[in-house]
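Chemist: Before I ask anything, let me first share the structure, which is written out below as structure tokens.
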Amino acid sequence: MAKRPHLNELNLSPGKKARLYRLLYQAGPANGTLMILPIDQGLEHGPRDFFDAPESQDPDFEFRVALEGRFSAIACQIGLAEKYYPTYAGKVPLILKLNGKTEIPSDDAPLSPLNATVEDAVRLGADAVGYTLYVGSARQDEDFRQFRQVREDAERYGMPIVVWAYPRGAAVEAKGGKDTIYAVDYAARTAQELGADVIKLNVPKLDPDKLQKAPKVYQRDWTLDQALDQVIRSAGKSLVIFAGGEKSQGESAIQKAEQCMQAGATGLIFGRNVWQRPLHEALSISQSFYQLLSRYA
Amino acid sequence: MAKRPHLNELNLSPGKKARLYRLLYQAGPANGTLMILPIDQGLEHGPRDFFDAPESQDPDFEFRVALEGRFSAIACQIGLAEKYYPTYAGKVPLILKLNGKTEIPSDDAPLSPLNATVEDAVRLGADAVGYTLYVGSARQDEDFRQFRQVREDAERYGMPIVVWAYPRGAAVEAKGGKDTIYAVDYAARTAQELGADVIKLNVPKLDPDKLQKAPKVYQRDWTLDQALDQVIRSAGKSLVIFAGGEKSQGESAIQKAEQCMQAGATGLIFGRNVWQRPLHEALSISQSFYQLLSRYA
Amino acid sequence: MAKRPHLNELNLSPGKKARLYRLLYQAGPANGTLMILPIDQGLEHGPRDFFDAPESQDPDFEFRVALEGRFSAIACQIGLAEKYYPTYAGKVPLILKLNGKTEIPSDDAPLSPLNATVEDAVRLGADAVGYTLYVGSARQDEDFRQFRQVREDAERYGMPIVVWAYPRGAAVEAKGGKDTIYAVDYAARTAQELGADVIKLNVPKLDPDKLQKAPKVYQRDWTLDQALDQVIRSAGKSLVIFAGGEKSQGESAIQKAEQCMQAGATGLIFGRNVWQRPLHEALSISQSFYQLLSRYA
Amino acid sequence: MAKRPHLNELNLSPGKKARLYRLLYQAGPANGTLMILPIDQGLEHGPRDFFDAPESQDPDFEFRVALEGRFSAIACQIGLAEKYYPTYAGKVPLILKLNGKTEIPSDDAPLSPLNATVEDAVRLGADAVGYTLYVGSARQDEDFRQFRQVREDAERYGMPIVVWAYPRGAAVEAKGGKDTIYAVDYAARTAQELGADVIKLNVPKLDPDKLQKAPKVYQRDWTLDQALDQVIRSAGKSLVIFAGGEKSQGESAIQKAEQCMQAGATGLIFGRNVWQRPLHEALSISQSFYQLLSRYA
Amino acid sequence: MAKRPHLNELNLSPGKKARLYRLLYQAGPANGTLMILPIDQGLEHGPRDFFDAPESQDPDFEFRVALEGRFSAIACQIGLAEKYYPTYAGKVPLILKLNGKTEIPSDDAPLSPLNATVEDAVRLGADAVGYTLYVGSARQDEDFRQFRQVREDAERYGMPIVVWAYPRGAAVEAKGGKDTIYAVDYAARTAQELGADVIKLNVPKLDPDKLQKAPKVYQRDWTLDQALDQVIRSAGKSLVIFAGGEKSQGESAIQKAEQCMQAGATGLIFGRNVWQRPLHEALSISQSFYQLLSRYA
């Protein structure tokens, strides 16, 4: 079972260490774990994600959930950060997502363009920046260069980087798709190699058929525990947080979260599973995640 | 019914707030609404828009209409701003449109290139800049990056940004076209996410057939009121102004404007409906819009 | 009939005004008109343009014609300006052409790349810069951005900009070609919108058949006077100069020039019609143009 | 037989000389040879390279092998350098690899994007930077320009450049592939021409059939000694190190290494042949390479 | 017969004049002619050019030939200049070639990327920079822009520019190919227009069949003298040097050189004809060229 790296082992610059310390030990569960609420789906998927839970269309709702649900941080794009975060500044940490796109144009060779900068994050008092990296896209060369600029700025300002490490694009599809253990594993290592401090991964889906076009060593049956262990190891000294994806039944989401944490993850990033509910339900499931993470000091 | 956000709720920097205050409370209806006269069609459509109203070919005509028709501001490209605005400087506020293009080349993957900068706007004494964002275009990544530069400059200089949020391009057409509630709604949210202060939207057209390729949650009958409410909510704390589009009968334009304002819009941006008429008619319809907006303090 | 704008009406910065004043009132006819000799065809068409008039292959020939023919200015690319202009500096004003290309590659989506900068023009003591804008090209977005940089530099240094406004590219061809009143008219307006101080236009060709794919309002018979009036109005407060195109019989060229000036043009830019002749003929036709312009104070 | 160039013959700037001196004479065999351990395969091939030797998935393993195996330097990307190198700083020299990519997208026209800068290398105390140059790729123009920036920065900071000179892309395949003596030879010369200080080459594969589409002068039988001699000469005053490629039997790897050194190579860069083994085996084969190199003072 | 321009007629800046004076009057024949030894073929063609003359593979050989053969200058890329030139600094002038490419990828739309800068040339004490311009390539717009940057830097530092003016690409092939008088003539004029100080041309090949797709005025029989005269005139005040191309019999090369000089060329640039021979032969043919040029004071 992979061991969760400790902040002191990461050889971070003082600025990065100070800010990550805030996220790990002074907010949310405050025990070295991370509990992140993302609200970037309005850009990535469009308003359709809000239809089943009308309250959620107002960004203030998610900020309120982040605060009252005792999250370690809320992650959003610059527009929401500028207009909604000021009311919550100091009360709940901010992860400024620096890039994003709509889902309208083709996803064959995706690239997520920068919409904000590390300087914006510094100005707003954010404690980390977020970056979506499309590993395996035909445009990954542009992506890597764009990320380099972010990494350099983050180094200069002592700002931790959370990488949304997403295998994506036609070549990934040809090798079994974005959810195979192969694809997620490669994405985890790539993010580590390029300099992520925290890596957001989706939980691999265990479909042996899809591995037939993956490299040979991956072509076997995997248990979820094995798969989680593998990708966490591939992230090395980058902390791993797992995403919940679409809204699911509360029980199954919590069970999966438990497995992730036991495998060595540092935390969870659950969005739709939380805010696609009325306030009291959203706070209730937040409470469940909080209690879960509290057991992983 | 969506509530119109108040300037004080927007968490704007002092420069942005001061300039928006001028537009909202010291010009035009001066009651917190916006009444904008755009004259960028000479570039976007070419001189053909002026044929039925020959006076309108001379840009001085539109500046005169803006002044005598008591508009909150006139919006135009740098060329007109340099040569015609100086005569009107101080008398009617200027929104400098920063990008634009001709309609001659293919619109399959549109991108509106920058023709001017925020610095130009500052130098000319403008109170806002305008930016056309083609949401969903295959080149939206370039667009987002270009917009980021504008947003950063606008932040530095305290200059409000009005985003012309236009769903556009082949992928948008494939999902029902630029006028569906789906397309306009996504454009509104995108502009909010990227940091617009004011968002110009076209009024959605309510054709259920066109929604068949839109996401499922949009596939139902919408009343205009519902549609307007939805897109205004998707704009969040970005103020919404609605466009009139092509010249229509005075009555129907005013009726539609009324619905927009009741739905929670902050203002109107009517060009061809105003200046594609002889001066006295143009001033007369301006007067109608002015009176209408005066009722929405 | 369009009125020629007066220098005082253009709201120019002091630097632009001082330099345009030199071109309009202190050189050539010196009565507010412009008489420009262009020698950029060696790049745009290649040496073939010089075969029928061997003297013209030596750039010094054109500089001599510009001086002895009493032109308001000579327009050329950086290479000729660096090596030939110094001999004539102070005696005949220079318009430094900043971009250009050869005619060898396909013209389907043309873009004229920058070969020199406004700074070069300042260093050489030029009184204006020239820029070729391909309106309607599939690459017009790059063109507009490139022009923006030129415009900003020109603003900073107080340097007037002469835009060679050329409709061009596959989409223009599909709508009737580069010589229709529709195409030239749109080009004139576009140059005005982007910030040209002077616009060089080709005289529209009046072929009703070619207008069948143009917007409806253009689809009628035009007299040359009507067409000239229309495009000059579309240029607004940007001064218009008309080109002569290929060498023609002296009489017809002068007759056409007369019509242009009567329609409200500010001047003429005749190259091949002048320098594709032996010296005495070149000076003789220059003299005719000079006399013609002298009547339009 | 090609003579190995001496550090004093290379006309290096003081900074480059000082750092190369450290690599050649103060680390590893310390006799003017180089023994490099690369760990960039996690990015280039993905985690699959670690499956047969699970310890190797943890980057700390390779750093430990580099130290205990007495290597001249370890070469890795910025992510590993930031998080793992600090523990080893001062004990084993670092070559910071500046560019890299995943193997997922098509390799038809490869380009390896910059993930780090020479400034990063300086900040981390590295003694050289590494750069992968894809000679013959359809995108080699971008590559050359990207390399130029690296070379200029390296000159400014006195940082030696190790070029991974790889013939690659569709045009290379059409001429016999990346492993022919023709392809490797051209790559060696190209790296020299562009300014490499050290060139990493793969050992050419001697398949006469594959030379049928190479230039005529290459179309003959080559012995390995002849081929090694040729490519080392093509590198001129750039020092050559040879790669071992995939893991092979210890004996054959050492035998090939011997031939390389006898042909005039300056050193060896063996990764998978070393770290795709348990620690004691990895150290054992390192010891063999160390002894081999010790004989080439 | 075209007259060779004199240095004093070129209106050069002091720095350019001082450096060209060194090349024309203080090195090589030192009588106002130029005798240049290029060694950029290792990059442009690969090591294959060295196979028939093994000594030539070592760049030091060409430097020695340049010195002992009393050349005006040696022209090479940055890699050779850094590692080999220092030994010869002060003894033989250097022309630093700033761009170059391999012949591996397709030549349909060639662009020669910058591998070095004018600043590099200044730092190394070079007396000129070299630039390959592919006239007529579909990418000539990029080329012209890239050249502009070089020209500006060269102006700032007073560094003369030698342009390798090569018609190239699919459109050139479609009009008869790179060696027609039409193609070479256009290339010469283009280089002049863009600001070359010295232009390297290939001697046109006189094949009337190939002119059938050239502009009409070129479609006739040309003698070599006529062709040389024409292209030299098209270069205007840019000095012309002719290339020898592939190795030929000594006699025919010298005879062609004689014709070039009589036509008004300023000098010769012969590479393979010189260094693709053993040292004594290389020096012998250099001596012949030297004597030939000595007669053209």
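Chemist: From the label point of C:GLU119, set 7 Å from Cα along Cα→Cβ, how far away are the matching label points in the other copies, in nm, ordered shortest to longest?
Modeler: Values, ascending and in nm: 1.3, 1.3, 2.1, 2.1.
Chemist: Note down the nm distance, to one decimal, between modelled labels 7 Å out along Cα→Cβ at D:HIS280 and at A:GLU173.
Modeler: Those two pseudo-labels are separated by 5.1 nm.
Chemist: My understanding is that a pair violates if its Cα-Cα distance is over 32 Å; which of A:LYS3/D:LYS91; B:LYS3/B:LYS101; D:LYS97/E:LYS97 do that in this structure?
Modeler: Cα-Cα > 32 Å for B:LYS3/B:LYS101; rest within.
Chemist: In addition: Evaluate peptide C:75-84: per residue, the Cβ atoms of other protein chains within 10 Å of its Cβ; return the mean as an integer.
Modeler: The mean count of partner-chain Cβ atoms within 10 Å per residue comes to 6.
Chemist: If you don't mind, there's one more thing I want to ask. Sort out the exposed loop trypsin sites (Lys or Arg not before Pro) in chain A (DSSP loop, at most 13 other Cβ within 10 Å) and tell me the longest stretch that has none.
Modeler: A:92-219
Chemist: Can you give the mean number of other chain Cβ atoms that lie within 10 Å of the Cβ atoms in peptide A:143-153?
Modeler: 4
Chemist: Using the heavy atoms of the protein chains alone and a 1.4 angstrom probe, what is the accessible area of the protein assembly as shown per residue in square angstrom?
Modeler: 33
Chemist: Please list the non-local residues whose amide H lies under 5 Å from the amide H of E:LYS97, H modeled 1.01 Å from N, same-chain partners needing a gap of 5 or more.
Modeler: Residues meeting the criterion, in which the H sits 1.01 Å from N, are E:CYS76, E:GLN77, E:GLY130.
Chemist: What residue in chain B has the Cβ closest to the axis turning B into D, and how close is it in whole Å?
Modeler: B:GLU142, 9
Chemist: Give the lysines whose C-alpha is closer than 19 Å to that of B:LYS213, dropping any in the same chain fewer than 8 places away, or say none.
Modeler: Once the sequence-local lysines are set aside, what remains near B:LYS213 is B:LYS175, B:LYS178, B:LYS205.
Chemist: Compute for chains C and E the buried accessible surface, both sides summed, probe 1.4 Å, and express it in Å² to the nearest 100.
Modeler: 3200
Chemist: Please report, for C:SER248, the nm distances (one decimal) from its label point, 7 Å out from Cα along the beta-carbon direction, to the equivalent points in the remaining copies, shortest first.
Modeler: 4.8, 4.8, 7.7, 7.7
Chemist: Out of D:GLU152, D:GLU251, D:GLU142, any idea which swings most in a Gaussian network model of chain D, alpha carbons joined below 10 Å?
Modeler: Largest GNM mean-square fluctuation: D:GLU251.
Chemist: With a sphere of radius 12 Å drawn around the Cβ of C:GLN259, what net charge do the other residues whose Cβ falls strictly inside it have (Lys, Arg +1; Asp, Glu -1)?
Modeler: -2
Chemist: Averaged across E:134-142, how many Cβ atoms of other chains sit within 10 Å of each residue's Cβ atom?
Modeler: 4
Chemist: Rounded to whole Hz and in sequence order, give me ³J(HN,Hα) for the range B:208-224 from the Karplus expression 6.51 cos²θ - 1.76 cosθ + 1.60, θ = phi - 60°, writing x for Gly and Pro.
Modeler: Along the range B:208-224, the couplings run x, 4, 5, 8, 5, 9, 7, x, 3, 5, 8, 7, 7, 6, 10, 8, 4 Hz.
Chemist: Please name whichever of E:VAL184, C:VAL150, D:PRO86 sits farthest to the positive end of the charge dipole of the protein assembly as shown, dipole taken about the Cα centre and charges placed at Cβ: Lys and Arg +1, Asp and Glu -1.
Modeler: Of the listed residues, the answer is D:PRO86.
Chemist: Starting from the alpha-carbon convex hull of chain C, give the projected area averaged over all orientations, in nm².
Modeler: 13.7
Chemist: About the Cα centre of the range A:74-199, how large is the charge dipole given +1 on each Lys and Arg Cβ and -1 on each Asp and Glu Cβ? Please answer in debye to the nearest 20.
Modeler: Numbers: 14 positive and 18 negative charges, 39 e Å.
Magnitude of the dipole: close to 180 debye.
Chemist: Turning to a different aspect of this structure: Shortest first, in nm, what separates the label point of C:GLU9 from those of the same position in the other copies (7 Å along Cα→Cβ)?
Modeler: Taking the point 7 Å beyond Cα along Cα→Cβ, the inter-copy spacings are 4.8, 4.9, 7.8, 7.8 nm.
Chemist: I'd like the antiparallel share, as a percent to the nearest 5, of DSSP beta bridges with both residues in the range E:7-293.
Modeler: Here the share of antiparallel DSSP bridges comes out near 5 percent.
Chemist: Percent of accessible area on the range B:1-105 owned by carbon and sulfur, 1.4 Å probe? All intermediate terms of the calculation are to be shown ahead of the outcome.
Modeler: Numbers: 1630 of 3380 Å².
That share works out to 48 percent.
Chemist: What does the net charge come to around B:ARG156 if you take all other residues with beta carbon closer than 12 Å to its beta carbon, with K and R at +1 and D and E at -1?
Modeler: My count for the surroundings of B:ARG156 gives -3.
Chemist: List the residues of the range D:85-109 whose accessible area drops by at least 40 Å² when all protein chains are present, compared with their chain alone, using a 1.4 Å probe and counting only protein heavy atoms.
Modeler: Flagged in the range D:85-109: D:THR102, D:ILE104, D:PRO105.
Chemist: List the residues whose amide H sits under 5 Å from the amide H of E:LYS200, counting only those 5 or more places along or on another chain, with H placed 1.01 Å from N in the peptide plane.
Modeler: The list, which skips near neighbours in sequence, is E:VAL163, E:TRP164, E:ALA165, E:ILE241.
Chemist: Would you mind counting up the charge near A:ILE241? Only other residues with Cβ under 12 Å from its Cβ, with Lys and Arg at +1 and Asp and Glu at -1.
Modeler: Here the count lands on +1.
Chemist: Still on this structure: Looking at the calculated P(r) for the protein assembly as shown, what percent of the C-alpha pair distances fall above 58 Å?
Modeler: Result: 27 percent of Cα pairs exceed 58 Å.
Chemist: Which whole-Hz couplings ³J(HN,Hα) result when phi for each residue of the range D:139-144 is put into the Karplus expression 6.51 cos²θ - 1.76 cosθ + 1.60, θ = phi - 60°, listed in order with x for Gly and Pro?
Modeler: Per residue, the Karplus-derived 3J(HN,Hα) values read 9, 5, 5, 5, 4, 4 Hz.
Chemist: List the relative contact order of chain A as a percent without decimals, with contacts defined as Cα pairs under 8 Å and 6+ residues apart.
Modeler: Once divided by the residue count of chain A, the mean separation gives 21 percent.
Chemist: Across the range A:15-22, in residue order, what do the Karplus-derived ³J(HN,Hα) couplings come to in whole Hz, using 6.51 cos²θ - 1.76 cosθ + 1.60 with θ = phi - 60° and x for Gly and Pro?
Modeler: Once θ is set to phi - 60°, the couplings for the range A:15-22 become x, 4, 5, 4, 6, 5, 4, 4 Hz.
Chemist: Another one. For the range C:8-69, state the semi-axes of the equivalent ellipsoid (square roots of 5 times the eigenvalues of the alpha-carbon gyration tensor), sorted largest first and rounded to whole angstrom.
Modeler: Semi-axis lengths for the range C:8-69 are 31, 14, 8 Å.
Chemist: While we're on this one: When only alpha-carbon atoms count, how far does the range D:169-220 stretch along each of its three principal axes, as whole angstroms with the largest first?
Modeler: 33, 20, 18 Å, listed from the longest principal axis down.
Chemist: Which one of A:LEU7, E:VAL231, A:GLY236 is farthest out on the positive end of the charge dipole of the protein assembly as shown, using unit charges on Cβ (Lys, Arg +1; Asp, Glu -1) and the Cα centre as origin?
Modeler: Sorting the options by dipole projection puts first A:LEU7.
Chemist: Right, next: If you roll a 1.4 angstrom probe over the protein chains with everything in place, what fraction of the accessible area of the range B:135-246 belongs to carbon and sulfur, to the nearest %?
Modeler: 46
Chemist: Show the residues, 5+ positions off or on another chain, whose built amide H is closer than 5 Å to the amide H of C:MET35.
Modeler: For C:MET35, the qualifying residues are C:SER72, C:ALA73, C:LEU268.
Chemist: Which of E:PHE61, E:PHE147, E:PHE51 ends up with the largest GNM mean-square fluctuation for chain E, with Cα atoms connected below 10 Å?
Modeler: Greatest mean-square fluctuation among the candidates belongs to E:PHE51.
The values are calculated or read from the model by the stated rules, or taken from the named source; none is laboratory data. This structure is a prediction, so every number in the text was calculated from the model and none was measured. When we count neighbours, we look across all protein chains shown, and the Cβ atoms used for this are built from the backbone with ideal geometry, even at glycine. For the accessible areas, the whole protein counts, side chains as well, though only heavy atoms, and no ligand, DNA or RNA atoms are used. Shrake-Rupley method; radii C 1.70, N 1.55, O 1.52, S 1.80 Å.
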